[in-house]
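Participant: Next up is a structure, given as structure tokens.
What follows draws every value from the coordinates through simple rules; no lab data is involved. Keep in mind that this is a model prediction, so the values were computed, not measured. A quick note on method: Cβ atoms are made from the backbone with ideal geometry, for glycine too, and the neighbour counts reach across all protein chains shown.
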Amino acid sequence: AQSDEKALIAKLHQHIVALQLSETTAISRLEAANTRLQKLEAQKLRVEQQLDAQQQALWHARQEGHQRARHLRHTIQALRRQFSGALPLAQQEKFSNTMLQLQEDKARAREEVHKAVEERRKAEGKAQELELKLKGLEELIATLKDAKGAQKVGGSITRDAPIPSSCTRARTR
């Protein structure tokens, strides 16, 4: 009977040690997850700031394009009024050069708009990805903070049990 009690005490002691080890592991994972979360939040903030800067540049480029187009329309109207009959060759060349320059500027502006839209799409995709990662980490943290979730995690992890791949992925990143 006494040896049975000692065996039971030894078993309970081993279980306590295993639980303490599991708790230590869970705490270190939580700290790693918190660190990763902070890094992801900082990265998300940087991406959002870049997106804002690109949107600002795009807006300014559009405004400048609209102003140039408006100015050229007024110039054309003034030239039409001034030379309602025949247009001298030098003025016609100047007008033609201005139109070519405007077309080139318009093509450049379209290309910049296309690039900015593409970069925005990429940034939004990255932001969504980061938000999903953040939600996953928040759920993990909430589970670990919850007493029942911590018991489930603590009760299911032993020294010999494999660590779930979702936990190892979060730790290796």
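Participant: Would you list which lysines come within 25 Å of Lys135, measuring only between C-alpha atoms, while excluding same-chain residues fewer than 8 positions from it?
Facilitator: Answer for Lys135, where 25 Å is the Cα cut-off: Lys39, Lys44, Lys122, Lys126, Lys145, Lys148, Lys152, listed by chain and number.
Participant: Shifting gears a bit: Give me the net charge of Leu72's neighbourhood, meaning all other residues with Cβ under 11 Å from the Cβ of Leu72; Lys, Arg count +1, Asp, Glu -1.
Facilitator: +3
Participant: Which of Asp4, Asp52, Asp105 has the fewest other C-beta atoms within 10 Å, and how do the rest follow up to the most?
Facilitator: Ranking Asp4, Asp52, Asp105 by Cβ neighbours within 10 Å, fewest first, gives Asp4, Asp52, Asp105.
Participant: What distance in nm lies between label points placed 7 Å from Cα along the C-beta direction at Glu23 and Met99?
Facilitator: It is 8.3 nm.
Participant: Report the full-extension gain for the segment Leu45 to Asp146: residue separation times 0.36 nm, less the Cα-Cα distance, to one decimal in nm.
Facilitator: Here the segment from Leu45 to Asp146 would lengthen by 33.5 nm.
Participant: Working from the pairwise distances between different alpha carbons, so that the mean of 1/r is found and then inverted, what is the stretch 13-128's Kirkwood radius in Å?
Facilitator: Result for the stretch 13-128 stands at 19.6 Å.
Participant: Sum up the charges of everything whose Cβ sits under 12 Å from the Cβ of Ala53, counting Lys and Arg as +1 and Asp and Glu as -1, but leave Ala53 out.
Facilitator: Residues close to Ala53 contribute a combined charge of -1.
Participant: If you don't mind, another one. Just to confirm a number: summing +1 for Lys and Arg and -1 for Asp and Glu over residues other than Arg108 whose beta-carbon lies under 14 angstrom from that of Arg108, what do you get?
Facilitator: 0
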